[in-house]
Amino acid sequence: MRRAKISVIGAGNVGATCAHWAAAKELGDVVLVDIPDKEGVAKGKALDLVCCGPMEGFDVDITGTSDYADAAGSDVVIVTAGLPRKPGMSRDDLIETNVKIVRSVSEKIAEHCPESIVILVSNPLDAMVYTAWKATGFPTNRIVGQAGCLDVARYRAFIAMKLGCSIEDISALLLGGHGDDMVPLPRFTSVHGIPVSQLLPDSDIVECVERAKVGGGEVVKLMGTSAFYAPASGSVQMAEAIIKDKKRILPCAAFCEKEYGIDGYFVGVPCILGANGVEQVVEIDLDAGEKALMDESVSHVKDLVRIVTEMFPDLA
Ligand code: APR
């Protein structure tokens, strides 16, 4: 049987950690791609990971390269290329540099991996998903952004910490953009089926939502650079759903044409992820307060797309 192939663009913190999780889960062969100046880093990290195989018991090929031809035939491409945040920066401060990077990367993906499903991780995420869609020319089901998996995981972790119970038992859903723009849906949060509202006061739930919103910033402040373990874990969770055709329902930045009243933008919504990428956007009824927050989040996505198209008119 043919092994799946996953290429990770950017061999920095997030990219190398994606390669690590993907290899550890034996999702398939992994190709770690970086710019020619960093080819040694990509090759070195790949070699270092290969040598974990005998101890960790995974058996996949891991290659480091700066040649996109090595990514040919990839089933999934995870894009982590771009600058990370420094303390005091918002994700939006990265827009001009990262659009240029993600655009050039996307053109290479279209050339060498024309059948792949592309998972965007670079920030600001909502602008990068749009850029990759335009620059690859791929159908919308094959372009998807990782933000919701991470945001919801942070929220689940904080709820579990408050309750002093296992993270595994927290089930939750969030919509909207990454971080500050997320739309919390506490009424869909449960602890092994028990509504969280029966176990925690509202003030604790709000505290967990607010901490999840700025969870990325909290890590940037502590480390001086963006988080990478959890963003990579979220990306590989999505890659796994696609490669194994699991039809998982995960919150992702996906193209909405009419769902949630959105007219042609990539927004964080629950999706069914399987072998065809985003196989369905799952629509749920929102109450008036949630709808207002969703509209606000969508308007920020529209602002980001407008900034991209004003900077780069040919991406319109
Ligand atoms: N092609 C391939 N790799 C590139 C390119 C390119 N055109 N341009 C930059 N890179 C590589 C860099 O050389 C670097 O190795 O992307 C890598 C980025 O790694 P880090 O600087 O460690 O950044 P990281 O923390 O991994 O974050 C990457 O993910 O979560 C987001 O906000 C984060 O936008 C940031 C991205």
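Descriptive notes on the structure:
- Estimated FRET transfer efficiency when R0 is 41 angstrom, pair residue 194-residue 311 (beta carbons, to 0.05): 0.30
- Measuring spread by the Cα atoms of region 226-316 yields a radius of gyration and Dmax of 14.9, 39 Å.
- For region 267-276, Karplus couplings with θ = phi - 60° (6.51, -1.76, 1.60), whole Hz, Gly/Pro x: 9, x, 9, x, 10, 8, 9, x, 4, 9
- Convex hull of the chain built on C-alpha atoms - directionally averaged projected area, nm²: 16.0
- Long-range amide H partners of residue 82 with built H, under 5 Å: none
- CD proxy at 222 nm, helix term only [per DSSP H run n ≥ 4: -39500 (n - 2.57); per residue of the chain; nearest 500]: -13500 deg cm²/dmol
- Ranking by accessible area, most exposed first, for 52, 271 with a 1.4 Å probe: 52, 271
- Less than 5 angstrom separates the built amide H of residue 265 from those of 256, all sequence-distant by 5 or more or on a different chain.
- Region 145-244 - convex hull of the alpha-carbon atoms, volume per residue in Å³: 107
- Considering only alpha-carbon pairs that sit under 8 angstrom and 6 or more positions apart, the relative contact order computed for the chain is 17 percent.
- Under a Gaussian network description of the chain, with springs only between Cα atoms under 10 Å, the residue in 130, 155, 260 that fluctuates furthest is 260.
- When the chain is treated as a Gaussian network with alpha carbon springs shorter than 10 Å, the biggest mean-square fluctuation among 61, 92, 169 belongs to 169.
- For region 148-305: accessible area per residue (Å², 1.4 Å): 45
- Contact order normalised by residue count of region 5-145, Cα under 8 Å, 6+ apart, percent: 23
- Between the amide H of residue 143 and those of 118, 278, distances stay under 5 Å, these residues lying 5 or more places away or on another chain, with hydrogens modeled in the peptide plane.
- About its Cα centre, region 148-305 has a charge dipole of approximately 520 debye under the convention of +1 per Lys or Arg Cβ and -1 per Asp or Glu Cβ, with nothing else charged.
- Using the empirical formula 2.2 N^0.38 Å as the baseline, the Cα radius of gyration of region 5-145 reaches a ratio of 1.00.
- Region 1-69 and region 214-261 have Cα centres spaced 19 Å apart.
- Counting only protein heavy atoms and a probe of 1.4 Å, the accessible surface of the chain is 52% carbon and sulfur.
- In the elastic network of the chain, a GNM with C-alpha springs shorter than 10 Å, the most mobile of 205, 170, 284 is 284.
The values are calculated or read from the model by the stated rules, or taken from the named source; none is laboratory data. Computed from a predicted model, the values in this text were never measured in an experiment. Here the Cβ is made from the backbone with ideal geometry for all residues, glycine too, and neighbour counts use every protein chain on show. In case anyone asks, the SASA skips ligands and DNA or RNA and just uses the protein heavy atoms, side chains included. Shrake-Rupley method; radii C 1.70, N 1.55, O 1.52, S 1.80 Å.
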